[in-house]
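Input: a single structure, listed below in structure tokens.
Derivation of every value follows stated rules applied to the coordinates shown; laboratory data play no part. Model, not experiment: these values are computed from the prediction. We place every Cβ from the backbone using ideal geometry, glycine too, and count neighbours over all the protein chains shown.
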Amino acid sequence: MSEINIDGNNMIFGRLASYVAKQALLGYTVNVYNCEDIVITGSKEKILEKYPKKAKFTGQMGKGPFRPRRSDLFLKRHMRNMVPYKQTRGKEAMERIRFHIGNPENKQNLQTIEKANVKKVVSQKYLKIKEIIKLLGGKV
């Protein structure tokens with residue numbers, strides 16, 4: 001089918017993820033650029049308390065589950081729960097979703113989703129993905 005290119009700058013992750021999942025399940029290829037600038041809403045203390053606990057819990061030593069520390073892989077891992085990824089239609093949809101770090105040179109007209117913009121948040125409590133990745137030990 002066709003391709004949808006989305007600018008992730010100042011987009012709320014949950015709302016963006018539900019839109020991306022729906023489009024991928026419908027058969028579109030979805031590319032999300034600037035994924036390090038995507039926002040997770042909530043108080044900074046609650047967010048920073050949640051993710052290191054997930055990163056430290058790794059099951060048995062050397063066996064996983066291993067948590068990604070790069071922003072595009074981090075978002076893809078969290079995006080997985082929006083799609084029935086254990087079924088064939090969900091696996092195919094996950095293959096059609098791609099997160100990219102940075103802005104591409106040859107793509108000028110990127111879409112923004114008004115419903116997922118951070119301007120919709122009443123309170124100014126949010127945290128960018130690159131700050132969470134820095135906390136988990138990743139390089140930004």
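Using a Gaussian network for the chain with springs between C-alpha atoms less than 10 Å apart, which of these wobbles most: 88, 112, 41?
88
Using alpha-carbon positions, what is the distance between the centroids of the stretch 62-140 and the stretch 1-53, in Å?
5 Å
If the limit is 26 Å between Cα atoms, which of 86/134; 50/134; 115/139; 22/115; 46/115; 50/107 go over it? Walk me through the numbers on the way to the answer.
Values: 86/134 30 Å; 50/134 14 Å; 115/139 30 Å; 22/115 14 Å; 46/115 24 Å; 50/107 35 Å.
Correct reply: 86/134; 115/139; 50/107.
What ³J(HN,Hα) values, in whole Hz, does the Karplus curve 6.51 cos²θ - 1.76 cosθ + 1.60 give for the stretch 23-40 when θ = phi - 60°, with x put for Gly and Pro?
5, 5, 5, 7, x, 7, 8, 10, 10, 10, 9, 6, 6, 6, 9, 6, 10, 10
State, in angstrom, two size descriptors of the chain derived from its alpha carbons: Rg to one decimal place and Dmax to the nearest whole number.
Rg and Dmax of the chain, Cα atoms, are 15.3, 46 Å.
What longest region of the chain stays clear of trypsin sites (Lys or Arg not before Pro) that DSSP places outside H, G, I, E and B and that have at most 11 other Cβ atoms within 10 Å? Intermediate values should be presented prior to the final figure.
Values: sites that count: 63, 86, 139.
The longest such stretch corresponds to 1-62.
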